[in-house]
1. Given the structure, is VAL134 out of contact with any strand residue (DSSP E or B) (no Cβ under 8 Å at 6 or more places or on another chain) and among the hydrophobic types (A, V, I, L, M, F, W, C)?
2. How many of the residues making up the stretch 80-116 are of a type in the set (Asp, Glu) and either in contact with a Gly (Cβ under 7 Å, 6 or more places away or on another chain) or within 22 Å of GLY17 (Cα to Cα) (or both)?
3. What tally of residues in the stretch 109-128 results from selecting those that are surrounded by 17 or more Cβ atoms within 10 Å (Cβ to Cβ) and either charged (D, E, K, R) or out of contact with any helix residue (DSSP H, G or I) (no Cβ under 7 Å at 6 or more places or on another chain) (or both)?
4. With the checklist (1) surrounded by 11 or more Cβ atoms within 10 Å (Cβ to Cβ); (2) closer than 17 Å to PRO138 by Cβ in hand, flag the one item GLY36 doesn't pass.
5. Report every pair of residues separated by at least 6 positions or lying on different chains whose Cβ atoms are under 6 Å apart, first residue within the stretch 35-56 and assigned by TED's automatic domain parsing to the domain that holds LYS10, second outside any helix (DSSP H, G or I) and of a type in the set (Asp, Glu).
6. Select from the stretch 121-161 the residues that are touching a residue at least 60 places away in the same chain (Cβ under 8 Å) and out of contact with any His (no Cβ under 6 Å at 6 or more places or on another chain) and list them in ascending order.
7. Please specify each residue of the stretch 141-181 satisfying the condition of being within 38 Å of the chain's Cα centre (by Cα) and on the phi > 0 side of the Ramachandran plot.
Amino acid sequence: MEMVELTIQKRDGTGKGAAGRLRRAGHVPAVLYGVGTPESIAVSPRDVLRLIHGHEGSTRLLKVAFPGSSESKMAIIRDMQFDPVSENLIHVDLQEVAMDRPIQVSVAVHHVGEPVGVRENQGILEMILREVQVSCLPANIPDVLEADVSGLHINEALTVKDLVAPEGVRILNDPNQAVVMVAPPIAEEAAVPGAPTAVAGAEPEVLTERKPREAAPRARRPATRRSKWPRPSSASATQGRSIGTRVTTWASASWMGSPAASTRASPAKPVTWLRRRAGAAMRST
């Protein structure tokens, strides 16, 4: 397997504030763990993305070292975190490995050849499993595993046990798990017997034309309840006003003409008292 180099730097501060300052300076926080004590480091996101470009789904063996140092360590990229909005790389997890101990990594699966069902029967090639888990020494990590699909017909599949792994590499997935299959082509819908067919020369219905709106029935105005008492005529109203005027004038004159009215100020009488005096005057007449 091809080995690539990655330069790492020491990171002093921890927390959100230190991580934000580090990202503004053009680096991302990272952690190197595995064999010894975990170390807080910083890496260049551009270098990391350059290393994994074209190797999506696979694991690459890295040679990491501090700038100006002759010592180096072997590691792999175990995990990466991306911002959900900007999709920028924000954190990297590096795992230090020992070259004499097997590790478990993921390896991409690529199909090779053209299936017979696609070439002769217009079938559809569907990739079901794009990567598998393998166990091997770090130096034996394969770049990809090739799946030969040239002999597949319609409704046939290639499983994990059909993959050919290099020497010293053991595939950990279920051997009966499907990797790729050839699906039948999508058939056009056949005409149902007895179904109405379009008449030649008939004009299609215009769906965008609006139908005339029907006039809504006019709402009836609810009937109001009439009073059972007849409205007074103009003569009755005039007569009532004259009676009330005479009663008020008589009550005021009788009160002001009393001997007590000349010796003390007349207090304001309530309306109830005036009504009683008016009623007595009308009964006397």
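The values are calculated or read from the model by the stated rules, or taken from the named source; none is laboratory data. All figures in this text were calculated on a predicted structure; none of them were measured in a lab. Note that each Cβ is placed from the backbone with ideal geometry, even for glycine, and that neighbours are counted across all protein chains shown.
1. Against the criterion (out of contact with any strand residue (DSSP E or B) (no Cβ under 8 Å at 6 or more places or on another chain) and among the hydrophobic types (A, V, I, L, M, F, W, C)), VAL134 does not qualify.
2. In the first step, residues of the stretch 80-116 are kept if they are of a type in the set (Asp, Glu); the result is 83, 87, 93, 96, 100, 114.
Among the residues that remain, those that are also either in contact with a Gly (Cβ under 7 Å, 6 or more places away or on another chain) or within 22 Å of GLY17 (Cα to Cα) (or both) are: 83, 87, 93, 96.
Of the residues in the stretch 80-116, 4 are of a type in the set (Asp, Glu) and either in contact with a Gly (Cβ under 7 Å, 6 or more places away or on another chain) or within 22 Å of GLY17 (Cα to Cα) (or both).
3. First, pick out the residues of the stretch 109-128 that are surrounded by 17 or more Cβ atoms within 10 Å (Cβ to Cβ): 109, 111, 115-118, 123.
Filter again for either charged (D, E, K, R) or out of contact with any helix residue (DSSP H, G or I) (no Cβ under 7 Å at 6 or more places or on another chain) (or both), leaving 109, 111, 115-118.
Matching residues across the stretch 109-128 total 6.
4. Of everything listed in (1) surrounded by 11 or more Cβ atoms within 10 Å (Cβ to Cβ); (2) closer than 17 Å to PRO138 by Cβ, GLY36 misses just condition (1).
5. VAL35/GLU96
6. Kept after step one, since they are touching a residue at least 60 places away in the same chain (Cβ under 8 Å), are these residues of the stretch 121-161: 121-124, 130-131, 138-144.
Correct list: ASN121, GLN122, GLY123, ILE124, ARG130, GLU131, PRO138, ALA139, ASN140, ILE141, PRO142, ASP143.
7. Correct list: ASN155 only.
Table: residues versus (1) assigned by TED's automatic domain parsing to the domain that holds ALA147; (2) under 16 Å from VAL48 (Cβ atoms); (3) in contact (Cβ under 8 Å) with a residue 60 or more places away in the chain.
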position	(1), (2), (3)
LEU61	no, yes, yes
VAL64	no, yes, no
SER69	no, no, no
MET80	no, yes, no
ASP83	no, yes, no
ILE90	no, yes, yes
ASP93	no, yes, yes
ALA108	yes, no, no
